[in-house]
Each structure stands twice: as C-alpha cells, then as structure tokens.
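Worksheet: one structure, shown below.
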Amino acid sequence: MNAIEIKHADHQDLELLALLGRVTWAETFGTLFQREKDVKDYVDTNFSISAIKSYLENPNTYFWLAYYNGFPVGYAKIENHVKTELVQGTKVCKLRNIYVLKDFHSKKIGLALWSIMLEKVKELQCDKIWLAVLHTNDKAIKFYKDNEFYTVGDFNLNIGIDSFIMNIMVRECH
Ligand SMILES: CC(C)(COP(=O)(O)OP(=O)(O)OC[C@H]1O[C@@H](n2cnc3c(N)ncnc32)[C@H](O)[C@@H]1OP(=O)(O)O)[C@@H](O)C(=O)NCCC(=O)NCCS
C-alpha cells in the first residue's frame, strides 16, 4: 500500500526544503517565462539556503514536508500575521507555499499537507488564511476551491521581464 507521511519541518530539513522549493517552483512555472535567466534568478534568490534559513528562524513561519513511500515529494509553508488590504480580519495568516513534485500529483498528498496546515491555522486561532495563485494555475485553483477558498481580488506580479496576474484567495477558519 502507498503511504503518505507528513512531518513538521525544522532546521534539520533546511537543504531539503531549499531543493524541493527550487525544483517544484521551476517545474511549475519555468515554461511560462520568456528568459531562462529570470527563472534562474528567481529560484537562486528565493530558494537559496539563506532565504529558507531566515524563514525557518521566523517564529511566525511553519513548514511541513510530505513523504510518499519514504520519498520527500512535497512541502508547504504558512506564515502567521501576514496581512493584505484585500483580506479583512484581525488574525490573518498566509499560505505561502504548497508544492508537490509533478510525478506525484493527484495522489492526495496536497490534501494531506493542507489538512495538517488547517489544524495548525485553527490552533493559532486565525480568522482567515489567504494566498496568491497565478490566475491560469487551474489545478491549484480547483484544489483551493475544493478546500473552501474563494477569490477576493488580483494583482500584477513582475518577475524579470514578465508580468503575471495573481488571484488572491481566502478561506474562513472558524
Ligand atoms: C496544487 C497541488 C499542491 C495539489 O496537490 P495534489 O497532491 O496534486 O492534490 P491532491 O491529490 O491532494 O488533490 C487533488 C484531487 O483531490 C480533490 N480534492 C482536493 N481537495 C478535496 C477535498 N477537500 N474534498 C474532496 N476532493 C478534494 C481535487 O479535486 C483533485 O481531484 P482530481 O485529481 O480528480 O482532479 C499540486 O498539484 C501542486 O503541487 N501543483 C504545482 C504547484 C502549485 O501550483 N502550487 C500552488 C501554487 S499557488
């Protein structure tokens, strides 16, 4: 039987989180860019060992790793107390990342990560959790809608010479 295991990630997982972050991001969005350089610059900056280390040192940030039959295949991250003007509420947190390697999609690994995050968000007594998702990322948007997120607005994100429309989605946590 195939086994999914989710574990809370910490400093000991630093290199694995950086590597999975880098690979899953490039795998998901890499082909949308006009210049390979912009993909490389983005992952070099955002998934460097020092960038992930500073998230791990942030007391408002929580990471999880997903294992499938023993392989590390995905990760997720939330950050508490991150506000945006489009989301009203006093205790608001952000789902910063939920990524599963493409080879392992649609095996309920994302759902297992989300379930454990939701427990944490409730424990933190957040009113709402929100996220930003590329407006053409149909698979992720369907996943979020299946899990009670709804769209409240959008914004433009510029990376290198490309510009992307991002949807902001939110979910009540009571
Ligand atoms: C989005 C993502 C994290 C989802 O993870 P996943 O492991 O592929 O998804 P799961 O198998 O857990 O869930 C997907 C399936 O379960 C269904 N599902 C999800 N939540 C559900 C729920 N609460 N109740 C019932 N069904 C549900 C979905 O409809 C979907 O069904 P389908 O495969 O028949 O279409 C994953 O596809 C991914 O990593 N994508 C690339 C990275 C990315 O885009 N991340 C988000 C950036 S904002």
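The values are calculated or read from the model by the stated rules, or taken from the named source; none is laboratory data. All values reported here derive from a predicted model rather than from experimental measurement. Every residue, glycine among them, receives a Cβ derived from its backbone with ideal geometry; neighbour counts consider all protein chains shown.
Listed values, structure above:
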{"read-out": "Some residue of segment 140-162 being crowded, with 18+ Cβ neighbours inside 10 Å, more than 10 Å from the ligand (Cβ to nearest atom) and more than 19 Å from VAL100 (Cβ to Cβ)", "value": "no"}
{"read-out": "The lone exception for TYR99 - which of (1) more than 20 Å from ILE4 (Cα to Cα); (2) within 10 Å of the ligand (Cβ to nearest atom); (3) not in a helix (DSSP H, G or I) it fails", "value": "(1)"}
{"read-out": "Conditions (1) at pLDDT 95 or above; (2) more than 16 Å from the chain's Cα centre (by Cα); number of the one not met by TYR55", "value": "(2)"}
{"read-out": "Filter result for PHE155 (under 25 Å from GLU15 (Cα atoms), hydrophobic (A, V, I, L, M, F, W, C) and over 14 Å from the mean Cα position of the chain (by Cα))", "value": "no"}
{"read-out": "Any chance ALA112 is out of contact with any Lys or Arg (no Cβ under 9 Å at 6 or more places or on another chain) and over 21 Å from ARG171 (Cβ atoms)", "value": "no"}
{"read-out": "Extreme residue, surrounded by the most Cβ atoms within 10 Å (Cβ to Cβ), among residues of segment 98-115 that are touching a helix residue (DSSP H, G or I) at 6+ places or on another chain (Cβ under 8 Å) and farther than 15 Å from PHE149 by Cα", "value": "VAL100"}
{"read-out": "Qualifying residue in segment 45-56 (condition: free of Cβ contacts under 8 Å to residues at least 60 places away in the same chain, surrounded by 13 or more Cβ atoms within 10 Å (Cβ to Cβ), touching a His at 6+ places or on another chain (Cβ under 8 Å) and part of a loop (DSSP other than H, G, I, E, B))", "value": "no"}
{"read-out": "Members of segment 144-174 that are without any contact (Cβ under 8 Å) to a residue 40 or more places away in the chain and not polar (S, T, N, Q)", "value": "TYR144, LYS145, ASP146, GLU148, PHE149, TYR150, ASP154, PHE155, LEU157, ILE165, MET166, MET169"}
{"read-out": "Test result for ILE141, aliphatic (A, V, I, L, M), touching a Lys or Arg at 6+ places or on another chain (Cβ under 7 Å) and under 29 Å from PHE33 (Cβ atoms)", "value": "no"}
{"read-out": "Residue match in segment 17-33 (condition: of a type outside the set (Val, Ile, Thr) and not in a helix (DSSP H, G or I))", "value": "yes"}
{"read-out": "Residue list for segment 59-96, restricted to those being within 13 Å of the ligand (Cβ to nearest atom) and crowded, with 19+ Cβ neighbours inside 10 Å", "value": "TRP64, ALA66, TYR68, VAL73, GLY74, TYR75, ALA76, LYS77, ILE78, LYS94, LEU95"}
{"read-out": "Residues located in segment 111-139, provided they are near the ligand (Cβ under 8 Å from one of its atoms), in contact (Cβ under 8 Å) with a residue 40 or more places away in the chain and within 17 Å of ILE6 (Cβ to Cβ)", "value": "ALA112, LEU113"}
